[in-house]
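Taken together, the values in this text are just the output of simple stated rules run on the coordinates, not laboratory data. Remember, predicted model here, so these are calculated numbers, not experimental data. Methodologically, a virtual Cβ is constructed for each residue, glycine included, from the backbone with ideal geometry; neighbour enumeration extends over all protein chains shown.
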Amino acid sequence: MSAPTDPCAPLLARAEALLEDLSLHGVAAWKAAHGGAPAIGIMPVFAPRPLFEAIGVLPVNIYGGGDRVDVIKGDAYYQSYICHIPRSTIEMGLGGQLDALDGMVFPSTCDVIRNLSGMWRMLFPQKYSAYLDLPQTFEAPLGGLFYRHELSRIAAELVARGARPLDADRLREAIIVENRRRALLADLASLRAREPWRLKASEAYLLTRAGAVLPCAEHIELLEAFLAAAPERPVRAYDNVRVIVLGAFCEQPPIGLIRTLERSGCDLVDDDFQLGLCAIDGAIPLDEDVGDQSPLDTHDPLDALVLSYTLRGQATATRYIADGVKGEALVNRVRTLGAEGVILAAPSFCDPALLDQPMIEQALNDAGIPFTSFKYAENSAQFQTIREQAGAFSDSVKLWGAA
Amino acid sequence: MSTQTASLSTPTTARAAGPAPAAKDLSQQRQKEMLADYFEKLTRAKEAGQKIVYTFVPGNLNELIAAAGMMNVLPEINALQSGMRGRSGGYITEAEKHGHSEDVCTYVKCDIGMMLNGNIGPTGTKLPEPDLLLLSYTGCFTFMKWFELLREHYKCPVAMLHVPYQPEGRITPDMRKYIVDQLEKSIIPALEKVSGRKLDRDDLAARMALSSKAEDDLVAVWESAKHTPSPIDGYFGGVYYIGPIFSAFRGTQGAVEYYRELRAEVEERIRLGLGPVGPDGPIGPERHRLVVEGPPNWTSFFDFWRMFSRENAVVCASTYTRVGGLYDLGFRHDPDRALESLAEYCLGCYTNLGLPSRIDLLEKYIREYQADGFLINSVKSCNSFSAGQLLILQELEKRTGVPGGFIESDLVDPRYFGKANIDNRLQSYFQMLDARKARGYA
Ligand code: SF4
């Protein structure tokens, strides 16, 4: 008798092919099919994709070269004590792998990405290059207005380079489509949390990351198709430890590392790998009542986009937590998802993730939640040590409920 | 930025390691007294009901803090002082034992280690705890994480001033307005709430007028290094000169007097044809004129300086001495536009400039100060400075034809100061400069 076929396999294969398309052939094809419309790379972590889609620009989240780009030229630009993603990104730029892009946007994630924005400007003067200063104050008249100016500025600069003018109706439409995606990503997340054997973390990763290079409507098709087919997957439940992974929001772990964690007795029921697509909790509050946010108003789609960040941005390492308590969001997430532990996985030399870590550990300790931590690089090839560490962690959680 | 430390520890350190130190100038004596007095006041602050603000050097709002009746404590300065006093290694180890990664900024770990060890300041007495953490988020992402960490410990309020970055080296009206609005709606109310009194805006304007006077004289001191031989060292010596203005004294009469005296001393040195004074006394005839990018190493500050002074290499301009304000590009605190001018000050600090602007500035220094070399000291701790410095090196060599040197160290982690290695590199670099000169390159 032949093994039952997985109806989701072709969808996952497509998503994996997108991950492996380092030379952005798909982006080039999109441009050709859209009369040469601009495509813009976005470095981690976050820039609001509907803004770009509304002006006819394809936003493409760039995550460096992972473990499949040999970095030679990129190393000439960085000292050994700087993380890996900027060097592989430069390598790809100099090697022509990012030629399909008409420019890059560098959000204010950390000093490395900030300085990379200037390097990019110098290394690729013919391309568009913008720094997006995300606000660190979240009151509507302060950070809200500033962020609105930032978004308007970037849109205007792209319009001057061939994008469509920013129009309220088209932005409204793009937000409605984005909200549909957000709902599907939430469905995906809850399926994974409910039945992690039906949707593994590595699969959720591929499906989510596909949205980094696809137009939103196409990503929606992929997610809908997966969610429709998922109940028919041949699966077998495992008795694994339920863990959340945190800290890997910028430089991405190799997919092999995520699979290694899965094989070490852990069900990764949540993570922040693709924070760029998931940095907002819930929907963009278009036309919603969110209380007085004057001078901003959710009936204005650009204001709604701004408020989605100021009001609903996730508590991440790159965002100032004004009145909140560090680690509180994670502890709540652990409780809500019934997770039994946390893996703190940070890229080596990643300032935001590593500076956050002691505060996160404190919060976990205070809440009695077991955790373990390790560092990786996007081009890590040896996972044995991590497998042993994660395996020992899951065993100890199973046995004693604490690491 | 380093003046507090330097003034307090130079004589002992230099004496221990070499010939007798040079006699103190009037300005040095004054600085020493100012600092001693300030730390004395800090020690008694709590009993005197004085509110304390912890804040950072770049983008500091000293006039505003003082006009609100409060005193500042600058954690970077505490960290570098710990570095110079040989304490930082232990503090860093302590912080790492408490879960702080070996990969991150050693200023942060040194400060946390010092806090865990009782927060004993440079004068050997306990520093007062903060009543407010004023997080001026200028030019360095780590500042934000640093104060998040301190907030966990001190459980005191934090006031966040988000200063936008200048990616294109240009201040836009939106940027300025954003900061002014934050000052009006968030920062000033936070200061008033903690201090329990209304901000005195006349006092603020008066302080800014004093700042401007001191800034004029500081610029004259910087520009004296365009003279050959340079009467000052604009890096190792420069960190002493920035002390008052980068720390608690900008906007005070004391700073005005300090910089007036310093300027007069420097002008006198020019008149007498004298070069700078090094760690072991006057530096011999000027052999190399350098521009330096990046902060110094503090744990081996004098050893590091000697590697230059021994070769009669003088640093005529440096970017580190501009992290607390780029006055030589024309900025002055303006009493008539107090908040706008504070906004421009915060925006204009060196590490808040995009990389292309940093390169333009370095190129300007190399040309205007007629440097025959430039050197990058790349510190492991500081991505804000270091990420991109290898491109800076390439680009400056291409633009100016002046050869660059590149060394790596750290701010306050003694494990990352490889003395022999750095010395070898510098000696080779100076030999190369000599060889170039011998071949007729200016
Ligand atoms: S990995 Fe961390 S330090 Fe490196 S670019 Fe990303 S956020 Fe910045």
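Would you mind classifying segment A:163-258 by shape? Square roots of the alpha carbon gyration tensor eigenvalues, ordered a ≥ b ≥ c; an a/c under 1.5 is rounded, otherwise it is prolate if a/b is larger than b/c and oblate if not.
prolate
Entry note, segment B:20-110: relative contact order of 20 percent, from Cα contacts under 8 Å with a spacing of 6+ residues. For a 23 Å ceiling on Cα separation, which of these pairs sit above it: A:Lys375/B:Lys380; A:Lys127/A:Lys375; B:Lys380/B:Lys419; B:Lys145/B:Lys364? From the list (A:Lys375/B:Lys380; A:Lys127/A:Lys375; B:Lys380/B:Lys419; B:Lys145/B:Lys364), the Cα-Cα distance tops 23 Å for A:Lys127/A:Lys375; B:Lys145/B:Lys364.
I want the local charge near B:Pro58. Using Cβ-Cβ distances under 13 Å, sum +1 for each Lys or Arg and -1 for each Asp or Glu among the other residues.
Numbers: positive: B:Arg250, B:Arg322; negative: A:Asp111, B:Glu76.
Result for the neighbourhood of B:Pro58: 0.
Rg then Dmax, both in Å and based on the Cα atoms of the protein assembly as shown: 27.6, 100.
Net charge within 14 Å of A:Arg335 by Cβ-Cβ distance, Lys/Arg positive one each and Asp/Glu negative one each, not counting A:Arg335 itself? Can you show the working numbers first?
Details: positive: A:Arg242, A:Arg333; negative: A:Asp270, A:Glu328, A:Glu340, A:Asp366.
Charge balance in the 14 Å sphere: -2.
Local charge for A:Lys31 was computed over the other residues whose Cβ lies under 15 Å away, with Lys and Arg +1 and Asp and Glu -1, and equals -2.
Normalised by the number of residues in chain A, the average gap of Cα pairs under 8 Å and 6 or more apart makes the relative contact order 19 percent.
For segment A:1-237, the calculated P(r), taken from all Cα-Cα distances in 5 Å bins from zero up to the bin holding the longest distance, is 1, 6, 12, 16, 17, 16, 13, 9, 5, 2, 1, 0, 0, 0 percent. Legend: ranking of residues A:Ser88, B:Ser247 from fewest to most surrounding C-beta atoms inside 10 Å; resulting order B:Ser247, A:Ser88. Placing pseudo-labels 7 Å out from each Cα toward the beta carbon at A:Ala13 and A:Tyr238 gives an inter-label distance of 2.3 nm. Compared with the direct C-alpha span, the chain from B:Lys41 to B:Glu368 gains 113.6 nm at full extension, assuming 0.36 nm per residue. Using only Cα atoms, locate the centre of segment A:1-27 and the centre of segment B:105-182, then give the distance between them in Å, rounded to an integer. Computed from Cα coordinates, the inter-centre distance equals 47 Å.
When the trypsin sites (Lys or Arg not before Pro) in segment B:383-442 are filtered for DSSP coil states and for at most 11 other beta-carbon atoms within 10 Å of their beta-carbon, the remaining sites are B:Arg439. Can you give the helix-only mean residue ellipticity at 222 nm for chain A, where every DSSP H stretch with n ≥ 4 adds -39500 (n - 2.57) and the sum goes over all residues, rounded to the nearest 500 deg cm²/dmol? Taking each H run of at least 4 residues, the total per residue is -14500 deg cm²/dmol.
For chain A, the Kirkwood hydrodynamic radius from C-alpha pairs, put into Stokes-Einstein at 37 °C and a viscosity of 0.692 mPa s, yields a diffusion coefficient of 151 µm² per second.
Segment B:362-405 and segment B:38-68 have Cα centres separated by 35 Å.
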